[in-house]
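What follows is a short report on a single structure.
The values are calculated or read from the model by the stated rules, or taken from the named source; none is laboratory data. Since the structure is predicted, the reported quantities are computational estimates derived from the model, not experimental observations. Every residue, glycine among them, receives a Cβ derived from its backbone with ideal geometry; neighbour counts consider all protein chains shown.
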Amino acid sequence: MRAAQGKPKRRGLTAAAVLVCLMVVTLVSGVLVKLGVAYRDQVRVQERRLQAEWLAESGVDRAFARLAAKPDYTGERWEISAEALGQPASLAPEKGPSAVVTIRVERPSAQGEARIVQVQADYPPDPPRRIRYTREVVVPQTP
């Protein structure tokens, strides 16, 4: 009988190379998915922060309007629904408002002093995802 000459058979080596390639592709895909999720979460936090800033600005405007109409205005808790914010019903919380803006007006101790308007916006109001933005404005006393 004659011994086989030439290249030795490498069937197992090819299967191992294919498995290694699949593992590398899986790892790279996993890292890309993880980066995508992290980026999405970061964008959502930035979106909530910007919305909280806008709500605080709206709270300041609301306080100015209330003070112009009623000089003894001391503040309020303003609850805003998802519909008022233009959110779809699927993103609205099950109970309660989608945002809460708390307005406080500190009265001066003497006449002629400025009043201080403090606004705190919580969006959304639930603590795990909440972004809190505060704004303080000095309003000069009108004679």
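Within the set R48, R66, the sole residue that is closer than 14 Å to W78 by Cα, surrounded by 10 or more Cβ atoms within 10 Å (Cβ to Cβ), out of contact with any Ser or Thr (no Cβ under 7 Å at 6 or more places or on another chain) and of a type outside the set (D, E) turns out to be R66. The single condition among (1) touching a strand residue (DSSP E or B) at 6+ places or on another chain (Cβ under 7 Å); (2) at pLDDT 95 or above; (3) closer than 20 Å to R129 by Cα that Q51 does not satisfy is (2).
Quick grid of which residues meet (1) closer than 30 Å to E136 by Cβ; (2) modelled with pLDDT of 90 or more:
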position: V18; (1), (2): no, yes
position: V25; (1), (2): no, yes
position: G30; (1), (2): no, yes
position: Y39; (1), (2): no, yes
position: L55; (1), (2): yes, yes
position: D61; (1), (2): yes, yes
position: F64; (1), (2): yes, yes
position: P93; (1), (2): yes, no
position: G96; (1), (2): yes, no
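Among the residues of segment 30-79, those that are among the small types (G, A, S) and either over 22 Å from D122 (Cβ atoms) or touching a residue at least 12 places away in the same chain (Cβ under 8 Å) (or both) comprise G30, G36, A38, A52, A56, S58, G59, A63, A68, A69, G75.
Of all residue pairs spaced 6 or more apart or on separate chains, none has beta-carbon atoms under 8 Å together with a first member in segment 121-136 that is basic (K, R) and a second member that is in a strand (DSSP E or B) and exposed (fewer than 14 other Cβ atoms within 10 Å of the Cβ).
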